[in-house]
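As structure tokens, the structure follows; a few thoughts come after it.
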Amino acid sequence: MSSFSALVAGLDRDRQVVIQAHDFPDHDAVGAAYALSHLLQLQRFTVVLSYGGTIQSASLREEIEVLSIPIGAASEMAIEDDAQVIVVDGFVGNSNISGVPGKIYGVIDHHSPPTQPKIPFHDIRETIGACCTIVYSYFTETGTEIEGTVATALLIGLMMDTGFMTRGVSEADLAAFNDLFFRGDWRLGSRLLKNSLSLRDLGLFREAINVCVVAGDFCFVPVTKECTQEAMALVADFFLGLREIHFVVVVEPDREEYRLSVRSEDIDRPADVIIRAALEGIGSGGGHIHMGGGSIPRDLYPGEEGLRKRFIDAGARKKSE
Ligand SMILES: [Mn+2]
């Protein structure tokens, strides 16, 4: 059975379907959720789109407005108690999925799961660059025409997660990109993604440049300013763009915890593997080969130097394997 038929087979048409993007969602999660809602509506399901937390990215907020994507915070949507929840671009039990009423029915994701999912449906493809590509495959599987705004949302998620097709790209991503590029509005997508920073972010970059600690090809950036996940990711991308640097860790305080954004250009030091090793016993995290993230509760934070050493040791251990 194809993945999409398997997804639909276990769903009940008399109960609401909630497609839930991870907390503080990004363009990939929202694009995948939106496109999936179209497919399920064509199959006569009643669908609600929601996310946990808030939308922190101004660029994503504009995308949602321009494309009129009917998504809202889970707390503000009328979600029924017996709803069937499908989580996209994140894992159940993962710290970035907050509680939603209803029962978790399925997960569609491209991150390596920390544990085997115990739910009726899961489609987890770790080798795929964007969750949008997985949902795109449901359209090709079912021979469903992809209309303009859906194509644009999928394209934006795909461009975002692959860094404009420069990281984690599989053949499926490339095929989706090829089809979606002119089907959707690539100009809008490029403009939104290429303008995600604002003058307000300059202070963060200034601090990052001042505090970064470089050791060989490893750059550690402990900033003290609270910032959005998106801005932190762009800081990490900036340092990775330096020719001498192949591994970047950005750390930032966020209320009760420290958050991390990690980038790797070295396949011998996959970001997700190194994050898990470095945070063992003090925090959690994951992601993909090229990028990942994590968090450490304040009371377990080993200090800047302690954390930097943990990453250096984890990298050295992995390389010597
Ligand atoms: Mn993603």
Open item on the list: Here are the criteria: (1) outside any helix (DSSP H, G or I); (2) among the charged types (D, E, K, R); (3) crowded, with 21+ Cβ neighbours inside 10 Å. Tell me which single one residue 321 does not satisfy.
Closed with: (3)
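Condition check ((1) of a type outside the set (Gly, Ala, Ser); (2) out of contact with any Ser or Thr (no Cβ under 6 Å at 6 or more places or on another chain)) across all residues:
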residue: 227; (1), (2): yes, yes
residue: 232; (1), (2): yes, no
residue: 236; (1), (2): no, no
residue: 260; (1), (2): yes, yes
residue: 267; (1), (2): yes, yes
Task: Filter result for the condition that a residue is part of a loop (DSSP other than H, G, I, E, B), among the β-branched types (Val, Ile, Thr) and surrounded by 16 or more Cβ atoms within 10 Å (Cβ to Cβ), over 289, 274, 312 - done: 289
Open item on the list: I want to confirm something. Restricting to segment 18-67 and keeping residues that are within 14 Å of the ligand (Cβ to nearest atom) and among the aliphatic types (A, V, I, L, M), which single residue is nearest to the chain's Cα centre (by Cα)?
Closed with: 29
- [ ] Scan segment 132-153 for residues that are within 12 Å of the ligand (Cβ to nearest atom) and within 22 Å of residue 195 (Cα to Cα) and jot them down.
- [x] 132
Task: Residues satisfying the stated conditions in segment 16-73, i.e. touching a strand residue (DSSP E or B) at 6+ places or on another chain (Cβ under 7 Å), buried (at least 24 other Cβ atoms within 10 Å of the Cβ) and more than 21 Å from residue 138 (Cα to Cα) - done: 25, 51
- [ ] Kindly check whether there is at least one residue in segment 214-228 that is outside any loop (DSSP other than H, G, I, E, B) and either outside the structural domain of residue 285 (by TED's automatic domain parsing) or modelled with pLDDT under 95 (or both).
- [x] no
- [ ] May I ask you to verify whether residue 171 is farther than 19 Å from residue 27 by Cα and touching a Lys or Arg at 6+ places or on another chain (Cβ under 9 Å)?
- [x] no
TODO: May I ask you to list the residues in segment 194-217 that are closer than 22 Å to residue 162 by Cα and of a type in the set (A, V, I, L, M, F, W, C)?
DONE: 197
Open item on the list: Every residue in segment 170-205 that is among the charged types (D, E, K, R) and surrounded by 12 or more Cβ atoms within 10 Å (Cβ to Cβ), please.
Closed with: 173, 179, 183, 185, 191, 201
Open item on the list: Whether any residue in segment 112-134 is among the aromatic types (Phe, Trp, Tyr) and out of contact with any helix residue (DSSP H, G or I) (no Cβ under 6 Å at 6 or more places or on another chain) is what I want to check.
Closed with: no
Open item on the list: For a quick check of your reading of the model, give me the residue pairs whose first member lies in segment 264-277 and is over 13 Å from residue 218 (Cβ atoms), whose second is in a helix (DSSP H, G or I) and modelled with pLDDT of 95 or more, with beta-carbon atoms closer than 8 Å and at least 6 apart or on different chains.
Closed with: 277/314
TODO: Test residue 132 against the stated conditions and say whether it is in the same structural domain as residue 89 (by TED's automatic domain parsing), of a type outside the set (Asp, Glu) and at pLDDT 95 or above.
DONE: yes
Open item on the list: I'd like to check something: does segment 76-84 contain any residue that is in contact with a Lys or Arg (Cβ under 6 Å, 6 or more places away or on another chain), within 27 Å of residue 181 (Cβ to Cβ) and touching a residue at least 60 places away in the same chain (Cβ under 8 Å)?
Closed with: no
Task: Selection count, segment 104-123, where residues are polar (S, T, N, Q) and over 16 Å from residue 134 (Cβ atoms) - done: 2
Task: Residue check for residue 166: within 16 Å of the ligand (Cβ to nearest atom), within 19 Å of residue 267 (Cβ to Cβ), surrounded by 19 or more Cβ atoms within 10 Å (Cβ to Cβ) and of a type outside the set (A, V, I, L, M) - done: no
TODO: Keeping to segment 104-131, report how many residues are without any contact (Cβ under 8 Å) to a residue 24 or more places away in the chain and more than 15 Å from the ligand (Cβ to nearest atom).
DONE: 5
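The values are calculated or read from the model by the stated rules, or taken from the named source; none is laboratory data. In this text, all values refer to a predicted model and were calculated from it rather than measured experimentally. Cβ atoms come from the backbone with ideal geometry, glycine included; neighbour counts cover every protein chain shown.
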